[in-house]
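Report on the structure given below.
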Amino acid sequence: MGRLLGRVLTTFTCLLIAFIAYSSQIFLFFPWYGSVVSVEFLWAIVPFNILVGLIWWNYYLVVVTDPGRIPAGWQPTTGEGQSFEVKQGNGQLRYCRTCKVYKPPRSHHCRDCGICTLRMDHHCPWVNNCVGHYNYASFVRFLFFVDVACAYHMTLFMRMVWDIVDYRGYMYSPSMSQVIWGVLNFAACVPVLVAVGLFSLYHFYLLATNTTTIEAWEKDKVAMLVRRGRIEKIKFPYNLGLLQNMRYVLGASPLRWCVPSRKVQGDGLSYPVEAGTGEWHAHAGKERVSPLVSTPPYPPHENGYGYTDGPANGVVENGTLALHGEGQDAYARPRGWGGEEDAGEAV
């Protein structure tokens with residue numbers, strides 16, 4: 001049912017893009033500028049069609065790109081100084097009983113796709129695919145260009161309406177069919193601009209903080225437990241700073257951030273983390289790094305969380321702190337959270 005719904009929604013999305021992009025030009029903008037191709041006409045229409053082309057390109061990449069699967073036979077390295085994740089409470093390595101594979105950091109099993117997805121953000125029925133390590137950048141670019149193209153479309157549309165009202169129809173008087181097409185375009189474009197715009201703002205925030213949607217939910221739950229005094233403040237380990245976060249997702253060169261591409265940073269099996277600032281001691285209210293990884297040679301503190309100085313961690317620079325503890329997923333679920341990760345859960 002989920003895959004069928006995905007096919008229906010992707011078809012609807014393509015039809016909606018085509019309707020807003022091409023009906024507006026054929027029935028509104030072309031008649032407004034007249035039959036003569038002018039410089040003003042080209043300056044208005046060419047950028048709009050470039051934006052439409054970038055929407056199609058990025059949407060295609062999100063739909064057809066495999067978000068990332070765990071390689072067959074992959075196992076976490078449990079040697080000294082290496083990072084991996086364990087389940088909260090029992091300390092066992094995270095393992096998917098459905099896919100029969102160990103789970104790397106930030107990976108989750110998707111019921112709709114039937115696989116474990118690397119750096120899973122969410123399953124999106126509008127693209128009939130999971131959004132994960134290898135297609136998240138294309139997903140963000142798709143949202144961005146939808147926002148810009150819809151804003152550009154509304155600018156051209158309102159300029160046309162203003163000319164009609166300002167000159168009282170002397171310069172250009174639309175026909176009844178053009179009025180109908182104008183109403184339909186307005187009714188289609190405005191909701192898309194508002195809905196996708198708000199959704200984009202949320203994902204731009206996630207991009208800026210190097211957080212997935214699933215991790216954002218976990219951070220909200222952690223914040224709630226902190227407010228209730230059940231746990232101490234936990235520092236999210238993947239936030240490397242605005243510029244580094246954007247470079248990690250969109251590419252090293254800012255000049256290519258808007259260029260559609262399947263190239264991504266890393267292999268999705270390990271991720272750089274923010275280095276600690278010294279050994280943590282279990283004092284009330286003391287900020288500590290989230291228990292992202294577990295390093296057996298260094299036993300956790302009695303409360304199950306902590307980090308300590310040790311050999312270089314495989315996912316951080318030499319000379320920094322090797323993190324360890326008992327955690328689950330990319331952002332640790334504290335004791336008292338309740339429930340182990342079920343095989344085949346959507347997240």
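Here, each number is a calculation from the coordinates, and none is a lab measurement. Treat the numbers as computed from the prediction; the structure is a model and nothing was measured. Cβ: placed from backbone, ideal geometry, glycine included. Neighbour counts: every protein chain shown.
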Sequence-distant or interchain residues sharing an amide H contact under 5 Å with I115, placed H: which?
C110
Karplus couplings for segment 247-263 from phi (6.51 cos²θ - 1.76 cosθ + 1.60, θ = phi - 60°), rounded to Hz, Gly and Pro as x?
5, 5, 8, 9, x, 5, 9, x, 5, 10, 5, 9, 8, x, 6, 9, 6
Packing-wise, with mean Cβ within 10 Å as the measure, how do 63-71, 222-230, 184-192 rank, highest first?
63-71, 184-192, 222-230
Under 5 Å, built H, 5+ apart or other chain: amide partners of L93:
K87
For segment 108-209, report the % of Cα-Cα distances exceeding 20 Å.
54 percent
For R106, list long-range residues whose amide hydrogen, built 1.01 Å from N in the peptide plane, is under 5 Å from its own amide hydrogen.
A330
Run the simple label-point estimate for K221 and L16 please: 7 Å along Cα→C-beta, distance reported in nm.
3.0 nm
